[in-house]
Every structure is written in C-alpha cells, then in structure tokens.
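Take a look at the structure below.
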Amino acid sequence: MRNKLADILTEKGILDSSVLDAIRAVPRHLFLDSSFEDHAYQDKAFPIGADQTISQPYTVAFQSELLQVQPNHKILEIGTGSGYQTAVLLKLKAKVYTIERQLELFKKTNLFFKKMGYRPKKVIFGDGYKGLPEEAPFDSIIVTAGAPFVPNPLLAQLKVGGRLVIPVGTDEQVMTLFVRKSAKEFEKKELGSFRFVPLLEDKN
C-alpha cells in the first residue's frame with residue numbers, strides 16, 4: 001500500500017526519489033487513530049485530536065522535496081502533530097528539532113517516537129513562532145500549519161543558503177519557499193494553494 005501511495009505521489013509530480021523512498025518506508029497507519037487505519041495510504045488528511053490533522057501525504061512529500069534535505073541537515077519543524085512529517089525527515093537522515101504547541105499532542109507523539117525508536121534531536125512543547133534560537137542556525141525550517149504571516153525569527157534562524165517552507169494565508173494558504181541568499185537577502189517563491197490548520201501564536 002505504501003508503494004502504491006508513492007506511485008500516486010509520483011503521478012502528482014513528486015520527483016525526489018529519496019522523498020518517495022521515505023514515504024515507502026514510514027508506516028503511516030501507525031500515526032493515525034485506529035479508526036482511520038484502513039485509510040492510511042489514501043492521499044488524504046485525517047483528524048488526530050486537539051483539532052489537528054495528519055497532513056495529506058502529497059503535502060508532506062511536496063514540503064519535504066522543497067527542503068532539498070541532505071543527510072545530517074539540521075532541520076527545525078514547527079508543528080510536530082502526529083509526527084508523520086518528522087518521521088519522513090528522519091528517514092531522509094536529517095537531524096530534526098520539532099516544536100508542538102498542543103500539550104495533548106506533544107505528550108502523545110513524544111511517547112510514540114520513543115516506542116517506535118524515532119529519535120528527533122529534540123521534541124519541544126512551545127510556541128513555534130519564536131523558532132529555536134538556541135539551536136540556530138538551521139539548514140532548513142518547515143512549518144506544517146497555516147501562518148497568517150511569516151514569523152521573522154524563523155527567517156533569522158536560517159543559515160545562508162537555508163530554506164524555509166511555510167504555508168502562508170488564513171483560510172487557504174499559499175505554499176511559500178524562502179531561500180536565504182545573504183545576511184539580509186531572501187529569495188521568495190510561491191508554489192500553489194494548500195489548506196492547513198492554523199498556526200497559533202502564544203496559545204500554549
């Protein structure tokens with residue numbers, strides 16, 4: 001079923017073979033509530049509690065591809081959620097620092113990672129808008145919730161050459177890629193519409 005899912009994503013335009021291999025390798029059904037397990041390999045988002053969702057596999061693959069992950073890349077993930085995106089980044093051999101602001105999800109996913117042997121560098125309960133200055137700079141930063149604006153601390157915490165992938169907008173989001181060209185200069189690309197749960201500031 002995972003192979004079939006990877007084939008669907010290829011048809012939808014995902015080309016990065018390492019991302020497709022990660023999709024084939026990560027057991028998405030384990031990240032879902034058991035009532036959704038049978039549907040785990042459909043290209044759909046599902047609820048995971050605390051009014052959050054596990055992203056559609058296409059979205060996970062699309063964002064992962066935009067990050068251009070290399071082994072040992074230091075990646076900050078804003079919005080751990082179910083941990084599925086985290087697991088895909090770990091399969092790509094990244095060093096992942098991940099922040100979740102919903103306490104219920106943070107506890108559940110943190111336990112799940114330990115049980116499954118997934119080892120992010122840090123799993124943090126907190127406000128993703130602030131990023132993680134003590135671990136900066138990062139090779140890339142991925143935001144897995146819709147942001148009404150681009151938080152400046154996230155741009156500031158990128159290495160030169162680093163990439164921020166963030167869905168920007170309120171009801172509907174535009175997937176946006178920022179590449180840091182120099183200390184002061186960023187290149188911005190907009191890459192189509194997506195729908196995410198909102199990224200909330202200071203709501204812990």
| task | Please report the relative contact order for the range 85-204, taking Cα pairs under 8 Å with a sequence separation of at least 6, and give it as a percent rounded to a whole number. | result | 21
| query | Can you list the HN-Hα couplings for the range 129-137, worked out from phi with the Karplus curve (6.51, -1.76, 1.60; θ = phi - 60°), rounded to whole Hz and with x for Gly and Pro? | reply | 4, 7, x, 9, x, 5, 10, 5, x
| request: Write out the trypsin sites (Lys or Arg not before Pro) in the range 1-95 meeting two conditions: DSSP loop, and at most 15 other Cβ atoms within 10 Å of their Cβ. | output: Lys12, Lys44, Lys93
| query | Say a site is exposed when it is one of the GluC sites (Glu not before Pro), sits in a DSSP loop, and has at most 12 other Cβ atoms within 10 Å; what is then the longest site-free stretch of the chain? | reply | 1-171
| note | the range 1-128: antiparallel bridges as % of DSSP beta bridges, rounded to 5, reads 25
| Within a Gaussian network of the chain (alpha carbon springs, distance under 10 Å), most fluctuating of Leu15, Leu89, Leu154 | Leu15
| field | Sulfur and carbon atoms: percent of accessible area, the range 53-204 [1.4 Å] | value | 51
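Do any of Lys107/Lys130; Lys95/Lys159; Lys91/Lys115; Lys12/Lys44; Lys121/Lys181 go past 24 Å between their Cα atoms, and which? Display every interim value, and only then the final one.
Values: Lys107/Lys130 20 Å; Lys95/Lys159 15 Å; Lys91/Lys115 16 Å; Lys12/Lys44 13 Å; Lys121/Lys181 27 Å.
Beyond 24 Å: Lys121/Lys181.
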| remark: Here the chain gives, from Cα atoms, an Rg and Dmax in Å of 15.5, 48
| Unit Cα scatterers, Debye sum, the range 95-204: log10 I(q)/I(0) for q = 0.15 Å⁻¹ | -0.68
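Restricting to the range 59-194, what percent of DSSP beta bridges are antiparallel, rounded to 5?
Just about 40 percent of them are antiparallel.
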| query | Taking a probe of 1.4 Å, how large is the accessible area per residue of the chain, in Å²? | reply | 47
| Rounded, prolate or oblate: which one fits the range 1-87, using the alpha carbon gyration tensor with axes a ≥ b ≥ c (rounded when a/c is under 1.5, else prolate when a/b beats b/c, else oblate)? | oblate
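Work out how much length Lys121 to Ala183 would gain on full extension: take 0.36 nm times their residue separation and subtract the Cα-Cα distance, in nm to one decimal. Could you put the intermediate results ahead of the total?
Working: separation 62, 0.36 × 62 = 22.32 nm, distance 2.62 nm.
My answer for the length gained is 19.7 nm.
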| Which residue, Gly83, Gly126, Gly192, has the most motion in a Gaussian network model of the chain that connects Cα atoms within less than 10 Å? | Gly192
| query | How high is the relative contact order of the chain, in percent, counting Cα pairs under 8 Å that sit 6 or more residues apart? | reply | 15
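The values are calculated or read from the model by the stated rules, or taken from the named source; none is laboratory data. Keep in mind that this is a model prediction, so the values were computed, not measured. Positions of Cβ are backbone-derived with ideal geometry, glycine not excepted, and every protein chain shown enters the neighbour counts. Surface areas here come from the heavy atoms of the whole protein model, side chains and all, with no ligands, DNA or RNA. Shrake-Rupley method; radii C 1.70, N 1.55, O 1.52, S 1.80 Å.
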